[in-house]
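Each remark here refers to the structure printed beneath this line.
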Amino acid sequence: MTLMHIVPGLDEEASEKAIAILQNRLSHEQEAALVLKHAHWNVTGPDFIAVHEMLDPQVAEVLAQADETAERIATLGGSPLGRADDVVASRTWKRFALSGRKSTKEYLQALIEYYNDMIADDRNAIAQLDNLDIVSSNIIQDHVQQLEKFQWFMRSHLE
Ligand SMILES: [Fe+2]
């Protein structure tokens, strides 16, 4: 890729590697917003309203995370890829397969599994970014902290 510019103190190779890692996280964050909204619309059961309403703030948070990640890519001189096709092309994690009107329990179990992959991938990204660009690492550290909290909300709902 051709970078528009290089942040002072970073070299081109480190910037390019950091951008590639951030692009993968951007696509995951964008997809998470779709998956969470899909669950928000399709959950059913006696605790419908609790789960339905729990999910919307998570949608807002992962969309805010995607914006922050995309803008970090631009800050590093790259071009964030944000189209639906880019999300699918970037997917290195398990596809969210659950569809249709299903119980809150089924959706929460599927979402907890989805977050398992997303959290592990964020933590792996952080370990790599620590050696490339500590500022980008710090951004993803903030993001994974929120995801771990959201996963705790979901687990607590099932206990
Ligand atoms: Fe809604």
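All of the numbers you see were taken from the coordinates with simple rules; none came from a lab. None of these values were measured; they are calculated from a predicted model. Here the Cβ is made from the backbone with ideal geometry for all residues, glycine too, and neighbour counts use every protein chain on show.
A few points about this structure:
- Rounded FRET efficiency, nearest 0.05, which uses the C-beta distance separating I134 from K37 and R0 of 35 Å: 0.60
- Volume per residue for the range 24-84 equals 60 cubic angstrom (convex hull of Cα atoms).
- Computed E for A120/M4 - FRET, C-beta separation, R0 35 angstrom, nearest 0.05: 0.65
- Highest to lowest packing among 75-82, 4-11, scored as the average C-beta count within 10 Å: 75-82, 4-11
- Here the peptides 22-32, 113-123 are ranked by packing, the mean other Cβ count within 10 Å, and the order with the highest first is 22-32, 113-123.
- The chain, helix-only ellipticity at 222 nm - DSSP H runs n ≥ 4, -39,500 (n - 2.57), divided by all residues, nearest 500: -26000 deg cm²/dmol
- You can think of it this way: the chain between A60 and I112 has 17.0 nm of extra reach, that is 0.36 nm per residue less the Cα-Cα gap.
- Dimensions (Å) - the chain, Cα atoms, principal axes, largest first: 55, 29, 22
- Total formal charge among the other residues, if their Cβ is under 12 angstrom from that of Q151, Lys/Arg +1 and Asp/Glu -1: -2
- If a spin label sat at a point 7 angstrom from the Cα of R91 along the line to its beta carbon, the backbone N atoms of the range 14-34 nearer than 16 Å would be those of 24-34.
- Eligible aspartates and glutamates near K37 by straight Cα distance, threshold 13 Å, same-chain separation 8 or greater: E29, E53, D56, E61
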